[in-house]
Structure formats: C-alpha cells, structure tokens
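Peer 1: Take this structure, written in structure tokens, and hold onto it; I'll ask about it next.
We did not get these values from a lab; they are worked out from the coordinates using the rules stated. In this text, all values refer to a predicted model and were calculated from it rather than measured experimentally. Heads up, the Cβs are rebuilt from the backbone with ideal geometry, glycines too, and the neighbour counts pull from every protein chain shown.
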Amino acid sequence: MDALEIKTIFTITLFDCKIPITETVVVSWVVMLILITASFILTRRLKEIPSGPQTILETGVEFLNSFARNQLGPFSKFLGPYMGSLFLFLLVSNIIPVLSPLPLKAFGHEFTPLFEIRPPTKDINVTAAFAVISILLVLICGFAARGFFGWFKNLLNPVPIMLPFNLMDYGTRLISLALRLFGNMLGGFVLMSMIEGALPIALPVIPSLYFDFFDGIVQAGIFVFLTSLYISEAVRIETE
C-alpha cells in the first residue's frame, strides 16, 4: 500500500473540465457531516439549567472563550469560534481512521474491506491550506492592530537589516505548520498500517490508542495553539 497515494474516488465534468474528487475530499465531507450532525443534536434542546451533555458542551465553550480572550485579546470575539471549529475539524480528521474496517484472515478465509478511511490531514494539500489560512490571519490581525505602516515598521525591529529575516519568518512558520501536522499524521498512519499488517486483529487496538487518539488530539491542539500564539504575538506588540 502506498501511504502517499491519494486515490480519486470519482470525477466531475464541469464545462468540459474534469474535476477529480479524491478520498481526501470525500473524507473531509464526512468529517463536516459528523460535526454538523453533532452540533445539531447537542444544541437542539438547550435548557436554562444545563445537565448531561449540555454541561460538557457549555464547559467546552467556556474554556474556548477563556482561551481566546487570553490569547487573542480584542480579536477573540471574531476568531474564537474559528479556533474552536478548526480544532474540532482537525481532531475528527485525525482520529477518523478508527472507523476504517480492517482486513481479516481466519480459517483460510480472507476478508478484504471495500474501503479504507484515511485521515485528510495525511494529505499535504490539506495541512498546507490550513497553514496558509493561519498565516493570512496573522497578517490580517497585524494590519488591523497597528495599520500597514506600523506592521511594516515592526519588520525593521530590532535593526533595519533584519527586514528580510523577519519576512522569511512568515514563510518558515507556514512551512512549519504544514509539515508538522502532515508529517506526524503520515508517520502515524504508516506505522499503524505496518502494525495492522503484521499483528493479529486484536493487538493493533493498543497502539491505535496512541497513534489514532492521543497523537491525533495532541497534533490538533498544537496546530491551534501555534496559530493562536502567532496571532497573539501580532496583536500583543501593539496593545502592550
């Protein structure tokens, strides 16, 4: 199995232009459907006095609001919901491979699943797109906090000769965000594929707890934290 291969599920023809719909796109649609359905179920019967799942939901929202206020300052009102949505999307995308059926060999018979669910974050196109969005938000918030000339002036700190290096910093952050998430998810996917191919059907459950759950949660949290940290730096310089 080629872990780097991105399979095309079907092709859409639009104005004589063929648009391939890859497994990354399909699984991303599934992730969005899961999040939308969960949001509808959890919010359709909200009570004034929370109980059960509503208590957990409100605790999570309050934690997100507190985190956004501490990190993003005046921009938390606008970016807090985005940070929460980004974390949930990356989280579900990272752990969704646990729903993938496994091949099974028993008593001389072999079961081959009809499909395999791969994490969208294993695709560099996905992680690069999110990295671009994060850096664009850093730039936009920097412009909004200090204006274009104030933002450009900050690039000259501590001395004007640092201008090209400060500009390069945005590029290195973009590459770092994209490759960190991509590399960790691809590495975990490859290792789990090797373990599933070498061990009996029950044993992969143990490493799956780390590679599919723990590592997926950690990588989603790191990506969101770094994004908020970069935005915080862009805003805090002006508000100190």
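Peer 1: Output wanted: per-residue J couplings in Hz (rounded whole) for the stretch 59-64, from phi through Karplus 6.51 cos²θ - 1.76 cosθ + 1.60, θ = phi - 60°, x for Gly and Pro.
Peer 2: Ordered by residue, 3J(HN,Hα) equals 5, x, 5, 5, 4, 4 Hz.
Peer 1: In addition: Taking 7 Å along the Cα-to-C-beta vector as the label spot, tell me the residue 42-residue 229 distance in nanometres, rounded to one decimal.
Peer 2: Going by the 7 Å Cα→Cβ label model, 2.6 nm.
Peer 1: Give me the Debye-computed log₁₀ of I(q)/I(0) at q = 0.10, 0.12, 0.15, 0.26 Å⁻¹ for the stretch 1-92, equal point scatterers on Cα only, no solvent, two decimals.
Peer 2: The Cα Debye sum returns log10 ratios of -0.45, -0.61, -0.79, -1.30.
Peer 1: Assigning unit charges at the beta carbon (Lys, Arg +1; Asp, Glu -1) and nothing else, what dipole magnitude in debye, to the nearest 20, does the stretch 8-239 show about its Cα centre? Display every interim value, and only then the final one.
Peer 2: Details: 14 positive and 14 negative charges, 106 e Å.
Charge dipole, the stretch 8-239, about its Cα centre: 500 debye, nearest 20.
Peer 1: What is the mean projected area of the alpha carbon convex hull for the stretch 8-239, to one decimal in square nanometres?
Peer 2: Numbers: hull surface 74.6 nm².
Result: 18.6 nm².
Peer 1: Working out 0.36 nm times the residue gap between residue 17 and residue 99, then minus their Cα-Cα distance, what length gain in nm do you get to one decimal?
Peer 2: Working: separation 82, 0.36 × 82 = 29.52 nm, distance 3.36 nm.
Extra length available between residue 17 and residue 99 comes to 26.2 nm.
Peer 1: Convert each backbone phi in the stretch 71-76 into a coupling constant with the Karplus relation 6.51 cos²θ - 1.76 cosθ + 1.60 (shift: θ = phi - 60°), then list the ³J(HN,Hα) values in order as whole Hz, x for Gly and Pro.
Peer 2: So the J values, rounded to whole Hz, are 8, 10, x, x, 8, 5.
Peer 1: Can you list residues whose amide H is under 5 Å from residue 22's amide H, if they're 5+ apart or on another chain and H is modeled 1.01 Å from N?
Peer 2: Excluding prolines and chain starts, which carry no amide H, the hits are 9.
Peer 1: Quote to one decimal, in nm, the extra length available between residue 132 and residue 61 on full extension: 0.36 nm per residue of separation minus the C-alpha distance between them. Each step should come with its number before you reach the end.
Peer 2: Numbers: separation 71, 0.36 × 71 = 25.56 nm, distance 2.58 nm.
Taking 0.36 nm per residue and subtracting the Cα distance, the gain is 23.0 nm.
Peer 1: Sticking with the crude label model, points 7 Å out along Cα→Cβ, report the distance from residue 70 to residue 116 in nm, one decimal please.
Peer 2: Each label point lies 7 Å from its Cα, and together they span 4.1 nm.
Peer 1: Where the centroid of each part is defined by its Cα atoms, how far is the stretch 9-42 from the stretch 72-94 in Å?
Peer 2: Each part's Cα centre sits 21 Å from the other's.
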